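The values are calculated or read from the model by the stated rules, or taken from the named source; none is laboratory data. Worth saying up front: this structure is predicted, and the values here are computed from it rather than measured. Backbone-built Cβ (ideal geometry, glycine too); neighbour counts: all protein chains shown.
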Amino acid sequence: MASSTVLTSWADRLRTAVEGLHDRDALSPGLTRGAAIGELSLPGPELLSAVIKQAQLEERDGFITVPGRAAGLGVAEKSLTTVEAQLAKNPFAAPEAYELDDLRLGPRELAAAERAGRLLRLEGGVVVLPNAPALAMRELARLEQPFTTSQARQAWGTTRRVAIPLLEHLDARGWTRRWTGPSARSCAEAARWG
């Protein structure tokens, strides 16, 4: 193990590097372990955990970051707020790709918003609020079981572009189950959502 003085020096340098990264790039989830080891020129990767602890930082999802740091979106914040307001009014009217482009919400911004718990990204570039799956289940629980993809789409007042990835997300969580054929499903524990 390194001496107390060396450990403190590494911790100070790591904290400065992490805070500097967050200041330069509001979308950054933090510093990777590899970048931190390189930044500090550590003699071995096993020392990094002790340095992180000494620096009073945390490792989250493979990134070293400041504890309790709210993931900001910098200049994309206003655009995200616009999308959140639209989805709050109509949770299943996911913005089209061109609308996200017009708002300058690309993959990095959407990933940062998802990490912050403000959006949920589904397959096919579909973006909804994190509560959309629960809202979807409430609607599905009201349908006669089993239901079809078309019935789900109509209950949600949305398009197939949104309905299919949302149903696949619900299937993956075990909240819905497929029946014979790809278009028939039922709610798992429908009473829970009703």
- Note on the structure: Subset of region 1-56, residues in contact with a Lys or Arg (Cβ under 9 Å, 6 or more places away or on another chain), outside any helix (DSSP H, G or I) and either assigned by TED's automatic domain parsing to the domain that holds Ala112 or over 25 Å from Ala111 (Cα atoms) (or both), comes to Ala55, Gln56
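Can you go through Ala11, Ala26 and tell me which one is aliphatic (A, V, I, L, M) and within 30 Å of Pro95 (Cα to Cα)?
Values: Ala11 fails: within 30 Å of Pro95 (Cα to Cα).
Selected residue: Ala26, the only one of Ala11, Ala26 that is aliphatic (A, V, I, L, M) and within 30 Å of Pro95 (Cα to Cα).
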- Message: Return the pair list, or none, for Cβ contacts closer than 8 Å from residues in region 78-89 that are within 16 Å of Leu120 (Cβ to Cβ) to residues that are in a helix (DSSP H, G or I), at least 6 apart or on different chains.
- Response: Leu80/Glu109; Leu80/Ala113; Val83/Leu100; Leu87/Ala132
- In region 85-109, what residues are crowded, with 17+ Cβ neighbours inside 10 Å and closer than 17 Å to Leu166 by Cα? Leu87, Pro91, Phe92, Ala94, Pro95
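Answer with yes or no whether Ala113 is on the phi < 0 side of the Ramachandran plot, touching a residue at least 24 places away in the same chain (Cβ under 8 Å), assigned by TED's automatic domain parsing to the domain that holds Ser186 and surrounded by 15 or more Cβ atoms within 10 Å (Cβ to Cβ). Even if it seems obvious, please write down each step before you answer.
Values: on the phi < 0 side of the Ramachandran plot: yes; touching a residue at least 24 places away in the same chain (Cβ under 8 Å): yes; assigned by TED's automatic domain parsing to the domain that holds Ser186: no; surrounded by 15 or more Cβ atoms within 10 Å (Cβ to Cβ): yes.
Taking the combined requirement at face value, the residue does not satisfy it.
For region 9-31, which positions are within 28 Å of Gly117 (Cβ to Cβ) and among the aliphatic types (A, V, I, L, M)? Lay out the reasoning, then the answer.
Residues of region 9-31 within 28 Å of Gly117 (Cβ to Cβ): 14-31.
Those that are within 28 Å of Gly117 (Cβ to Cβ) and among the aliphatic types (A, V, I, L, M): Leu14, Ala17, Val18, Leu21, Ala26, Leu27, Leu31.
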- Message: I'm checking my understanding of the structure. Among residues of region 123-164 that are closer than 19 Å to Ser79 by Cα and in contact (Cβ under 8 Å) with a residue 24 or more places away in the chain, which one is surrounded by the fewest Cβ atoms within 10 Å (Cβ to Cβ)?
- Response: Gly125
- Query: Can you name the residue in region 76-97 that is of a type in the set (A, V, I, L, M, F, W, C) and part of a helix (DSSP H, G or I) and is also modelled with the lowest pLDDT among such residues?
  - Reply: Ala76
- Task: Filter region 26-51 down to the residues that are hydrophobic (A, V, I, L, M, F, W, C) and free of Cβ contacts under 8 Å to residues at least 40 places away in the same chain, then identify the one that is surrounded by the fewest Cβ atoms within 10 Å (Cβ to Cβ).
- Result: Ala35
- Query: Restricting the first residue to region 5-25 and requiring it to be closer than 13 Å to Ile52 by Cβ, which pairs with a second residue that is charged (D, E, K, R) and modelled with pLDDT of 85 or more meet a Cβ separation below 9 Å and a spacing of at least six or different chains?
  - Reply: Ala11/Lys53; Arg13/Glu39; Leu14/Glu39; Ala17/Glu39
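Out of Leu120, Leu110, report the one residue that is closer than 30 Å to Leu27 by Cα, modelled with pLDDT of 95 or more, among the hydrophobic types (A, V, I, L, M, F, W, C) and under 23 Å from the mean Cα position of the chain (by Cα). Walk me through it before giving the result.
Numbers: Leu110 fails: modelled with pLDDT of 95 or more.
None of the other options fit; the residue is Leu120.
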